[in-house]
Structure formats: structure tokens, C-alpha cells
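*Asks:* Here it is, the structure, as C-alpha cells.
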Amino acid sequence: MSTFDTIAAKIIEEQELVIGPLARSEAQKVTGLQFSSNHDVILQNGDPKAVVDRLVAQYERLFGKASQEVCKEAASSIIASMPRSDVPASLLA
């Protein structure tokens with residue numbers, strides 16, 4: 001699992017705590033994000049930063065800024081060790 005796969009999985013997991021199964025349904029609508037047969041998150045096709053940004057935007061469209069903050073908090077421990085240039089724009093403070 002790549003760092004970006006882990007970020008996306010953590011975001012989805014935290015969103016599930018807030019909005020339940022709808023979080024996974026919304027994630028499935030994001031271009032470039034797939035779920036494996038054992039339900040692992042896999043980013044495919046293109047820039048992984050852009051896929052994470054689309055995932056955050058999908059939740060924000062439905063639930064507003066509070067949802068974006070949940071995403072930032074979910075990924076905070078992972079992005080703390082990443083170079084700022086590698087962090088998806090939607091997760092920057």
C-alpha cells in the first residue's frame with residue numbers, strides 16, 4: 001500500500017465514523033480510486049495527489065468545511081513526515 005493509498009484509506013475510515021456507510025459509497029464515485037476484493041483502497045490512473053484532492057472534494061461537496069477538517073485530521077499523522085510539496089493541496093493547513 002502506497003502512502004497515498006494509506007492517506008485515502010484513513011480519510012475514508014474517519015468519514016465512516018462520522019457518516020457511516022455513505023462514506024464508502026461516496027468514495028466509490030471518485031475517479032482514480034478503487035477498492036480491492038478485500039476492501040483495501042487503491043489509487044489508480046494518474047496523479048495520486050489529485051485523487052486524494054478529489055476524495056476530499058467529494059466529501060466537502062456533501063458535508064461542507066467540517067468534512068474537509070475531518071479529512072485533514074485523518075491524514076495529519078501521515079502527512080507530518082512528508083515533504084510539503086508531496087502533500088495534496090486539500091490537506092494543507
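*Asks:* Out of A50, A66, A23, any idea which swings most in a Gaussian network model of the chain, alpha carbons joined below 10 Å?
*Replies:* It is A66.
*Asks:* In the chain, which helices (entire DSSP H runs) extend 15 Å or more along their own long axis, judged by Cα positions, while averaging at least 0.5 on the Kyte-Doolittle scale? Don't jump to the answer; show the numbers that get you there.
*Replies:* On the way: long enough: 3-19 (24 Å, 0.56); 48-63 (23 Å, 0.02); 65-79 (20 Å, 0.03).
Those that pass (Cα extent of 15 Å or more, hydropathy at least 0.5) are 3-19.
*Asks:* Right, next: Among the trypsin sites (Lys or Arg not before Pro) within segment 1-48, which fall in a DSSP loop and have no more than 13 other Cβ atoms within 10 Å of their own Cβ?
*Replies:* Numbers: sites: K10, R24, K29; in loops: K29.
Answer by residue number: K29.
*Asks:* Still on this structure, please answer the following. How much length, in nm to one decimal, is gained on full extension between M1 and F35, taken as 0.36 nm per residue of separation minus their Cα-Cα distance? Could you put the intermediate results ahead of the total?
*Replies:* Numbers: separation 34, 0.36 × 34 = 12.24 nm, distance 1.20 nm.
The span from M1 to F35 would gain 11.0 nm if fully extended.
*Asks:* Let me check against my output: what whole-number percent is the relative contact order of the chain, with C-alpha pairs under 8 Å and at least 6 apart? Walk me through the numbers before you get to the answer.
*Replies:* Numbers: 100 pairs, mean separation 28.7, N = 93.
This gives 31 percent for the chain.
*Asks:* Please give the calculated 222 nm ellipticity per residue for the chain, where each DSSP H segment of at least 4 residues contributes -39500 (n - 2.57) and the sum is spread over every residue; nearest 500 deg cm²/dmol? Please list the in-between numbers first.
*Replies:* Details: 4 runs with 54 residues, N = 93.
Calculated at 222 nm, the ellipticity per residue is -18500 deg cm²/dmol.
*Asks:* While we're here: Considering the chain, what Rg and Dmax in Å follow from its alpha-carbon atoms?
*Replies:* Answer for the chain, Rg first and Dmax second: 11.8, 34 Å.
*Asks:* Based on the Kirkwood radius over alpha-carbon pairs, what is the Stokes-Einstein translational diffusion coefficient of segment 45-93 at 4 °C with 1.567 mPa s viscosity, in µm²/s? Before the final figure, lay out each step's value.
*Replies:* Working: Rh = 11.0 Å.
Taking Rh from Cα pairs, D becomes 118 µm²/s.
Rule-based calculations on the coordinates, nothing more; no lab input. Keep in mind it's a predicted model, so treat the numbers as computed, not measured. Counting neighbours? That spans all protein chains shown, and the Cβs are built from the backbone with ideal geometry, glycine included.
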